[in-house]
Each structure stands twice: as structure tokens, then as C-alpha cells.
1. So, in the range 32-56, how many residues would count as being within 16 Å of residue 15 (Cβ to Cβ) and among the aliphatic types (A, V, I, L, M)?
2. Restricting attention to the range 71-87, which residues are open to solvent by 40 Å² or more (accessible area, probe 1.4 Å) and either touching a residue at least 40 places away in the same chain (Cβ under 8 Å) or closer than 14 Å to residue 2 by Cβ (or both)?
3. I'm told residue 4 meets every condition in (1) at pLDDT 95 or above; (2) in contact with a strand residue (DSSP E or B) (Cβ under 6 Å, 6 or more places away or on another chain); (3) of a type outside the set (S, T, N, Q); (4) over 15 Å from residue 83 (Cβ atoms) except one. Can you identify the failing condition by its number?
4. Could you grab me the full set of residues in the range 36-55 that are open to solvent by less than 90 Å² (accessible area, probe 1.4 Å) and either touching a helix residue (DSSP H, G or I) at 6+ places or on another chain (Cβ under 6 Å) or more than 13 Å from residue 85 (Cα to Cα) (or both)?
5. Of all residues being over 16 Å from the mean Cα position of the chain (by Cα) and over 16 Å from residue 39 (Cα atoms) in the range 59-70, which is most open to solvent (accessible area, probe 1.4 Å)? Just the residue, please.
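The values are calculated or read from the model by the stated rules, or taken from the named source; none is laboratory data. As the structure is a computational prediction, the values presented were derived from the model and not from experiment. Glycine also receives a Cβ, built like all others from the backbone with ideal geometry; neighbour counts cover every protein chain displayed. Ligands, DNA and RNA are excluded from the accessible area calculation, which covers all protein heavy atoms including side chains. Shrake-Rupley method; radii C 1.70, N 1.55, O 1.52, S 1.80 Å.
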Amino acid sequence: FLYHGTQTNVIEKIFNEGLTPQKRQYVHLSRDAHIAKEVAKRRKGKHAILKIRAKEMEERGGKFLVAKNGVWLTKTVKPDFLELEEIIEEKDLTK
């Protein structure tokens, strides 16, 4: 599994359209949900950690790259491979 931290206000869109790069070339993912939480700390408000079924995605043609810093990269993640792992309240981000 891989993980992605995002804001809850875009969850519905993500589960309808999938994860796509916003202002970047790739969607950034991590191997660890805790790292996804660290990424979520960059913004205020409620956040969600998404779980990506990466093995299944790769078996069905998905491609991944791993950057030197350990960040996993992909062009897109279709909704078929997404699960909601956790909702995080702003106060929980300090843990």
C-alpha cells in the first residue's frame, strides 16, 4: 500500500475522478501513513489520509517511480484503487 495526505474538501472529487497532479508533474505518495500525515500538516483544517492499493494498480498497468528522497510518484490514481484510511482533525496533526 501507498498513502496520500489531502484535504477533506476534495475527497468527493478524488473518489469520483481519481488523484491527479495539481501543480506538479506527478501525484506524490508515501509508503507510510505517518509520512502522509506529516505532509498534511502543511495546511490547516480537516485532512484525510488515502490508502492506495498500489500492488493491484501496478498489476493492472499502473506505473510508479521512486524519487531519490523516497517519495513514490505516479501520473494518476484511478478511484478503483483508493480507500479512505483516516480523517484527521487539525488538532490531531501535532501527534
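1. Number of matching residues: 4.
2. 72, 75, 76, 78, 83, 84, 85, 86, 87
3. Result: residue 4 passes all but (4).
4. Answer for the range 36-55, where residues must be open to solvent by less than 90 Å² (accessible area, probe 1.4 Å) and either touching a helix residue (DSSP H, G or I) at 6+ places or on another chain (Cβ under 6 Å) or more than 13 Å from residue 85 (Cα to Cα) (or both): 39, 40, 41, 45, 47, 48, 49, 52, 53, 54.
5. 68
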